[in-house]
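Participant: I'd like to ask you about the structure that follows.
The values are calculated or read from the model by the stated rules, or taken from the named source; none is laboratory data. Small disclaimer: the values here were computed from a predicted structure and weren't measured. Cβ placement follows ideal geometry from the backbone for every residue including glycine, while neighbour counts extend to all protein chains displayed.
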Amino acid sequence: MTSYLDYLVQCPLCASWLAGKKPVSETLNHSQLWSDGKSMNEISLVGECEVIRCPACAHDFWADEAKHIESRQAEYHQLVNAENGQLVYSWASWRDFGCNLNVLMGKLALIGHYERLLRKWPGLEMDKVFHLRQWLLWAYNDLIRDLFPSDLSSLMKGNLSLMAWVSNLKINHEARKKFIAMQAEYRENLHALIVLTGQHAVIDPLRLIELYREQGDFMQAKTLAGQETRHTHLVAALRKRISRHDSLVFKVAG
Ligand SMILES: [Zn+2]
């Protein structure tokens with residue numbers, strides 16, 4: 001069970017307060033880990049949301065450059081106390097830029113936000129570009145990550161009604177269609193991430209193998225996987241998919 005710490009972050013432009021939650025590291029429960037590095041717990045991505053669009057004035061800012069107040073500080077309780085008339089924006093109003101990631105339109109909107117920020121901040125430092133491109137990769141993969149169950153056996157065994165099964169098939173088909181339509185942008189982002197990863201000494205080599213695999217460069221992915229000396233579940237799973245020429249994101253654990 002993961003516990004969370006409540007905090008407030010202040011928009012540096014209009015001074016609005018935004019309420020958020022971050023997991024406490026000692027109790028962190030990684031309930032899902034994906035091959036592209038996305039790790040999720042019960043209610044959020046592991047870690048704090050690092051780039052925010054203010055729900056009041058639409059200013060984009062980095063959380064680490066803004067003022068923070070944690071719930072253990074006295075000032076926090078003065079600000080969230082409704083009696084003093086202070087307006088605090090809820091987490092749902094700004095988390096993931098306010099996009100609803102349970103629906104396709106929300107997933108597309110999130111992709112749009114990261115693409116927009118990369119265009120808006122062309123001279124950004126390398127670390128921040130890396131983060132934006134990493135989140136953009138996760139957002140593209142979200143289109144096909146965890147699709148609704150639509151296999152025939154779920155229908156035959158009675159786990160799904162015919163209506164639910166047909167509806168799932170339709171939703172999954174639309175999501176896959178969008179993912180295919182975005183392949184040029186998806187590959188361009190993977191290419192940029194490969195270049196950035198090469199300049200980033202602290203990145204695990206498995207990340208690079210995964211980027212080449214997702215890009216469909218199975219030759220390069222196979223060469224790098226051949227140099228890997230660790231015998232882990234992830235290494236075996238990557239090798240299996242490289243040999244099958246499978247470039248899609250997959251769940252590693254959870
Ligand atoms: Zn603002």
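Participant: Name the pairs whose Cβ atoms lie under 9 Å apart, with the first residue in the stretch 225-246 and at positive phi, the second among the small types (Gly, Ala, Ser), and 6 or more positions between them or separate chains?
Facilitator: Between residues of the stretch 225-246 that are at positive phi and residues that are among the small types (Gly, Ala, Ser), the close pairs are 245/216.
Participant: Here's a follow-up. Somewhere in the stretch 89-112, is a residue over 21 Å from the mean Cα position of the chain (by Cα), buried (at least 16 other Cβ atoms within 10 Å of the Cβ) and not charged (D, E, K, R)?
Facilitator: Yes: one or more hits.
Participant: Using the structure shown, decide if residue 128 is among the charged types (D, E, K, R) and closer than 24 Å to residue 62 by Cα.
Facilitator: Numbers: among the charged types (D, E, K, R): yes; closer than 24 Å to residue 62 by Cα: yes.
Spelling it out, residue 128 is indeed among the charged types (D, E, K, R) and closer than 24 Å to residue 62 by Cα.
Participant: How many of the residues in the stretch 198-254 are β-branched (Val, Ile, Thr), surrounded by 12 or more Cβ atoms within 10 Å (Cβ to Cβ) and over 23 Å from residue 32 (Cα atoms)?
Facilitator: Of the residues in that region, 1 qualify.
Participant: Please identify the pairs in which a residue from the stretch 184-206 that is closer than 23 Å to residue 230 by Cα has its Cβ atom under 8 Å from the Cβ atom of a residue that is at pLDDT 95 or above and aromatic (Phe, Trp, Tyr), counting only partners at least 6 apart or on another chain.
Facilitator: Between residues of the stretch 184-206 that are closer than 23 Å to residue 230 by Cα and residues that are at pLDDT 95 or above and aromatic (Phe, Trp, Tyr), the close pairs are 194/212.
Participant: Looking at the structure I just gave you, is residue 76 within 16 Å of the ligand (Cβ to nearest atom) and over 22 Å from residue 37 (Cβ atoms)? Break it down into steps so the answer makes sense when it comes.
Facilitator: Working: within 16 Å of the ligand (Cβ to nearest atom): no; over 22 Å from residue 37 (Cβ atoms): yes.
Taking the combined requirement at face value, the residue does not satisfy it.
Participant: Would you confirm whether or not the stretch 18-38 contains a residue that is modelled with pLDDT of 90 or more, over 30 Å from residue 144 (Cβ atoms) and either within 16 Å of the ligand (Cβ to nearest atom) or not small (Gly, Ala, Ser) (or both)?
Facilitator: Yes: one or more hits.
Participant: Could you tell me which of the residues 125, 115 is modelled with pLDDT of 95 or more and of a type in the set (Asp, Glu)?
Facilitator: Every option except 115 fails the conditions.
Participant: Quick one: residue 150 ticks every box in (1) within 19 Å of residue 250 (Cα to Cα); (2) under 18 Å from the mean Cα position of the chain (by Cα); (3) among the hydroxyl-bearing types (Ser, Thr, Tyr) bar one, so which box is it?
Facilitator: Failing condition for residue 150: (2).
Participant: Go through the stretch 39-57 and report how many residues are modelled with pLDDT under 75 and either basic (Lys, Arg) or surrounded by 14 or more Cβ atoms within 10 Å (Cβ to Cβ) (or both). First the steps, then the outcome.
Facilitator: Residues of the stretch 39-57 that are modelled with pLDDT under 75, as a first pass: 40-49.
Checking which are either basic (Lys, Arg) or surrounded by 14 or more Cβ atoms within 10 Å (Cβ to Cβ) (or both) leaves us with 40-41, 44-46, 48-49.
Result for the stretch 39-57: 7.
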